[in-house]
Every structure is written in C-alpha cells, then in structure tokens.
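Visitor: Quick one: structure below, then a few questions.
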Amino acid sequence: MLRKLGREQLAPYQTVAYTEGRVSELVRRDNQFWARLEDGKEILSLAVLLAVGMVDEHPRIDGFERFWGKSVFSCPYCHAWEFRDKPLAVIESGPKGLGACRILRNWSSDVFLFTDGVTDLDPEALDRLEKAGGAVIIKKRVRRFVGDTTLSAVELEDGEQIPREAVLMFPKQHQMPLVQQLSLDLTDDGFVRVSEQRETSQRNIFAAGDLTSPSHLAIIAAAEGTIAAIQLVYRFTP
C-alpha cells in the first residue's frame, strides 16, 4: 500500500522514471554507474542510493515461516500491544533476550525466555530482569512452533509444549548480494557505514534504511532517504 501510494505521488513528475526489475550487478565505469537488471537491461546513473534492506536468516525452527510476521515478530513496539495480557515468549540466548523480556513485561506479566540450549546467562541482565518482575527461563532447545493459523505453543526438544500466543525473536541478518559485491565499509555489526549525508565509503554511493542501522523503522528510513536525496541535489547542481 505504501509503495503504491508513493508511485502515485511520483506520477506527475515527468523527470522521474520507474522501472520494475531486480538489479543483479552494479558496475562503476569512470564516474558513472551501470545497473544491470536480471532481464539484461542496463541503466546509466551518476549516483546510486541503496535502500534494499537486509536479508533475514530464518532459524531452524519448524513452523517459523508460517508464523513470522503474524505471531512471531522482532519488534515489541510494533506488535506487543495486540498481544497484551497474553502468554508471551522470547527466544534469544544473549543479554538481548533478557532485556527483551523486561520490555515485554510492559504488556504482559506472563513472559517466558527460551535460551535455546544456552545455560550461561549474563548475571547483570538477569538481575535487571528480576527487578522488573522476572520471567520463566527455559534452557532447552526449541524444536517447533505449534498452531494452525495462529501460534498456540512452543515445542521443546523433548516434546514438551509450552502454551504461548506470541514470540519475540531476533533472527540474524546479512547484506543483500548486491551490497556485498560493492565491498563497502561495514560497521562491526555488519551494517553499511555511512556519513551524516548518508554517503558510503565509495563516492556517489549512498545508503538509507535497514541496511545501515538496527533501527528498522519505516519513518527513519524515509528520513534517511530524504537526507541522501538533498545531498545528491547539491552535489549535481552546477
């Protein structure tokens, strides 16, 4: 819907061209870029703004794809309200999981933490969680998600099923193949490093949105794209 609205708003601008297709290769030749699409078409450009997001690495939990984005999610601020006062869970082995349990207690007092086999938990993070009301911690591995159209339980490696209606987890991510082939500088967390003007380590390649930051929010991505666009206008105005 948002993409459709954006295209409609761009339609009156005769200098804007929209092309449907996937870029398979981006090549710099002198001071220009050639974007090659999968259908063989090539597009010439003076600059590039990357806004392709990240690739989620789905965990090996049976049923993950069926519930991902419905009752298994990665943002409590986006989804937890709809599951308030319900039995909730976090699947995460590091300190981030303990912190997420603490946040979820703003919406429910029934919170479980599944560490998926990890037994050594951060003492300081555990203490903060206890002060926030605590959570039931289960250190067995998770085998699958149970339910038809909505999640009803989390099944452990020994077959035990724990009733839960929503799960918060943080799948690992990596850059899109197109971004990887550009050999851009990355942060320690694997995000594309950019300047305040959203320019990457390679001149005239800009980036905005999820590929540059763990703050995966549409409103932030839109603002970053605007900053990059303004910089591009300044750069190419005689």
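Visitor: So, in the range 67-83, of the ones that are exposed (fewer than 12 other Cβ atoms within 10 Å of the Cβ) and in a loop (DSSP other than H, G, I, E, B), which residue ends up farthest from the chain's Cα centre (by Cα)?
Guide: Once the filter is applied, the top-ranked residue is GLY69.
Visitor: Can you pull out the residues in the range 195-226 that are among the charged types (D, E, K, R), surrounded by 14 or more Cβ atoms within 10 Å (Cβ to Cβ) and in a loop (DSSP other than H, G, I, E, B)?
Guide: ARG198
Visitor: Can you tell me which residue is surrounded by the fewest Cβ atoms within 10 Å (Cβ to Cβ) among those in the range 143-154 that are of a type outside the set (Asp, Glu) and not in a strand (DSSP E or B)?
Guide: THR149
Visitor: Of these, LYS131, LYS140, which one is surrounded by fewer than 17 Cβ atoms within 10 Å (Cβ to Cβ) and touching a strand residue (DSSP E or B) at 6+ places or on another chain (Cβ under 9 Å)?
Guide: So the residue among LYS131, LYS140 that is surrounded by fewer than 17 Cβ atoms within 10 Å (Cβ to Cβ) and touching a strand residue (DSSP E or B) at 6+ places or on another chain (Cβ under 9 Å) is LYS140.
Visitor: Which of (1) under 16 Å from LEU49 (Cα atoms); (2) surrounded by 14 or more Cβ atoms within 10 Å (Cβ to Cβ); (3) not acidic (Asp, Glu) does TYR234 not meet, given it meets every other one?
Guide: Only one criterion in (1) under 16 Å from LEU49 (Cα atoms); (2) surrounded by 14 or more Cβ atoms within 10 Å (Cβ to Cβ); (3) not acidic (Asp, Glu) is unmet by TYR234, namely (2).
Visitor: Consider ARG203 carefully, then state whether it is in contact with a strand residue (DSSP E or B) (Cβ under 8 Å, 6 or more places away or on another chain) and either among the aliphatic types (A, V, I, L, M) or under 22 Å from VAL27 (Cβ atoms) (or both).
Guide: Spelling it out, it is not the case that ARG203 is in contact with a strand residue (DSSP E or B) (Cβ under 8 Å, 6 or more places away or on another chain) and either among the aliphatic types (A, V, I, L, M) or under 22 Å from VAL27 (Cβ atoms) (or both).
Visitor: Hey, another quick one. Looking at the range 10-61, which of its residues are touching a helix residue (DSSP H, G or I) at 6+ places or on another chain (Cβ under 8 Å) and either within 30 Å of VAL154 (Cα to Cα) or not β-branched (Val, Ile, Thr) (or both)?
Guide: TYR18, SER24, GLU25, LEU26, LEU46, ALA47, LEU49, LEU50, ALA51, GLY53, MET54, HIS58
Visitor: Being surrounded by fewer than 16 Cβ atoms within 10 Å (Cβ to Cβ) and not in a strand (DSSP E or B) is the filter here, so list the residues in the range 155-170 that pass it.
Guide: Answer for the range 155-170, where residues must be surrounded by fewer than 16 Cβ atoms within 10 Å (Cβ to Cβ) and not in a strand (DSSP E or B): GLU157, ASP158, GLY159, GLU160.
Visitor: Within the range 28-66, which residues are surrounded by 12 or more Cβ atoms within 10 Å (Cβ to Cβ) and of a type in the set (Asp, Glu)?
Guide: Listed by number, the residues that qualify are ASP56, ASP62.
Visitor: Moving to a separate point now. Kindly list, by first and then second residue, each pair from a residue in the range 124-140 that is within 12 Å of VAL111 (Cα to Cα) to a residue that is aromatic (Phe, Trp, Tyr) and surrounded by 17 or more Cβ atoms within 10 Å (Cβ to Cβ), limited to pairs with Cβ atoms under 9 Å and residues at least 6 apart or on different chains.
Guide: Taking only residues 6 or more apart or on different chains, the pairs are ALA135/PHE112; VAL136/PHE112; ILE137/PHE112; ILE137/PHE114; ILE138/PHE112; ILE138/PHE114.
Visitor: Residues being within 30 Å of ILE61 (Cα to Cα), without any contact (Cβ under 8 Å) to a residue 60 or more places away in the chain and surrounded by 13 or more Cβ atoms within 10 Å (Cβ to Cβ): count how many of those fall in the range 178-190.
Guide: Within the range 178-190, residues that are within 30 Å of ILE61 (Cα to Cα), without any contact (Cβ under 8 Å) to a residue 60 or more places away in the chain and surrounded by 13 or more Cβ atoms within 10 Å (Cβ to Cβ) number 2.
Visitor: Go through the range 92-121 and count every residue that is part of a loop (DSSP other than H, G, I, E, B), more than 21 Å from ALA153 (Cα to Cα) and among the charged types (D, E, K, R).
Guide: So the answer is 1.
Visitor: Identify all residues within the range 20-39 that are part of a loop (DSSP other than H, G, I, E, B) and under 18 Å from MET176 (Cβ atoms); write none if there are none.
Guide: Result: GLU20, GLY21, ARG22, GLU38.
Visitor: For the range 173-194: of the residues being in a loop (DSSP other than H, G, I, E, B) and touching a helix residue (DSSP H, G or I) at 6+ places or on another chain (Cβ under 9 Å), which is nearest to LEU232 (Cα to Cα)?
Guide: Going through the qualifying residues, I end up with VAL194.
Visitor: Any residue in the range 111-118 that is closer than 30 Å to ILE219 by Cβ, surrounded by 19 or more Cβ atoms within 10 Å (Cβ to Cβ) and either of a type in the set (Val, Ile, Thr) or at pLDDT below 90 (or both)?
Guide: The answer is yes, given that some residue of the range 111-118 is closer than 30 Å to ILE219 by Cβ, surrounded by 19 or more Cβ atoms within 10 Å (Cβ to Cβ) and either of a type in the set (Val, Ile, Thr) or at pLDDT below 90 (or both).
The values are calculated or read from the model by the stated rules, or taken from the named source; none is laboratory data. Predicted model only: the values in this text are computed from it and were never measured. A quick note on method: Cβ atoms are made from the backbone with ideal geometry, for glycine too, and the neighbour counts reach across all protein chains shown.
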